[in-house]
1. Within region 34-52, which residues are over 17 Å from Thr113 (Cα atoms), open to solvent by less than 90 Å² (accessible area, probe 1.4 Å) and touching a helix residue (DSSP H, G or I) at 6+ places or on another chain (Cβ under 8 Å)?
2. Of the residues in region 77-90, how many are out of contact with any Leu (no Cβ under 9 Å at 6 or more places or on another chain) and either at pLDDT below 85 or surrounded by 10 or more Cβ atoms within 10 Å (Cβ to Cβ) (or both)?
3. Would you pick out the residues in region 93-104 that are assigned to a helix (DSSP H, G or I), surrounded by 10 or more Cβ atoms within 10 Å (Cβ to Cβ) and at pLDDT 85 or above?
4. Keeping to region 52-83, report how many residues are assigned to a loop (DSSP other than H, G, I, E, B) and of a type in the set (A, V, I, L, M, F, W, C).
5. Within region 129-150, which residues are over 11 Å from Val194 (Cα atoms) and of a type in the set (A, V, I, L, M, F, W, C)?
6. Which ranges mark the helices (runs of 4 or more DSSP H) fully within region 105-197 that have 3 or more residues being open to solvent by 80 Å² or more (accessible area, probe 1.4 Å) and farther than 22 Å from Phe58 by Cα?
7. Any idea which of (1) aromatic (Phe, Trp, Tyr); (2) open to solvent by less than 70 Å² (accessible area, probe 1.4 Å); (3) at pLDDT 80 or above is the one Trp5 doesn't satisfy?
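The values are calculated or read from the model by the stated rules, or taken from the named source; none is laboratory data. Bear in mind that the values here come from a model prediction, so they are computed numbers and not experimental data. Don't worry about glycine lacking a Cβ; one is built from the backbone with ideal geometry, like all the others, and counts go over all protein chains shown. Keep in mind that these areas ignore ligands, DNA and RNA; they rest on the heavy atoms of the full protein, side chains included. Shrake-Rupley method; radii C 1.70, N 1.55, O 1.52, S 1.80 Å.
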Amino acid sequence: WRLCWRHRQPRHSILGMAAAPAPGLAGPLYAFAACGGYMTLGPLLILLNNHILHGLHFPYPIALSALGVTFSAACCRLLTLTRLVPLTRPELAQSRAFFWRTTLPLAALAALTLALGNAAYMHLTVGTCQILKALTPAITLGLSYALRLEEPRAPVVGCVLLMCCGTAVAARGEIALPRLGLLLQLSANLAEAVRVV
């Protein structure tokens with residue numbers, strides 16, 4: 001375990017922010033804390049969105065998605081302006097070519113994923129949406145193979161097939177899946193797969 005953390009090369013995000021783990025034992029602890037936070041806050045955000053859409057009768061899923069993305073963008077901008085998160089390649093932030101070829105398509109696909117995913121909550125239950133989201137890795141793998149970007153390895157295919165079987169078993173309990181909700185959620189999954197690929 002420690003060898004993996006010690007010899008891992010620092011990764012960089014699109015705008016060049018360093019994402020290297022801390023040295024020593026702090027690296028794995030940081031990773032566990034980040035995963036724990038993600039696993040806690042992700043479901044809470046899903047339930048909050050569902051409450052806003054259904055409990056508060058807010059029938060504007062795209063506006064709800066826009067609020068979340070706007071808040072995230074403002075926080076990221078504030079962190080980079082205050083230099084709490086320094087950019088290692090600031091020239092990319094100023095490049096028009098980078099913006100048109102990379103940033104804009106990724107942002108549009110992310111917005112489409114959020115908007116379609118939240119719109120699906122208007123027609124499907126939270127559980128059904130989460131079950132259908134489990135198909136995203138299968139769509140991503142199929143898209144990667146169809147575009148000849150990556151040859152799938154047997155262990156990866158096995159894991160994806162296992163997830164699909166679990167999704168099929170879980171979805172079997174749903175009595176009626178509205179076609180519009182199913183189409184919206186699968187379209188959100190496809191947009192996410194295209195963004196990842």
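1. Ile52
2. Our first condition is that a residue be out of contact with any Leu (no Cβ under 9 Å at 6 or more places or on another chain); within region 77-90, this holds for 77, 79, 81-83, 86.
Those left that are additionally either at pLDDT below 85 or surrounded by 10 or more Cβ atoms within 10 Å (Cβ to Cβ) (or both): 77, 79, 86.
The number of residues fulfilling the criteria is 3.
3. Phe98, Phe99, Trp100, Arg101, Thr102, Thr103, Leu104
4. 2
5. Within region 129-150, Cys129, Ile131, Leu132, Ala134, Leu135, Ala138, Ala146, Leu149 qualify.
6. Working: elements: 126-133, 136-146, 154-171, 179-196.
Filter on region 105-197 gives 154-171, 179-196.
7. Going through the list (1) aromatic (Phe, Trp, Tyr); (2) open to solvent by less than 70 Å² (accessible area, probe 1.4 Å); (3) at pLDDT 80 or above, Trp5 breaks only (3).
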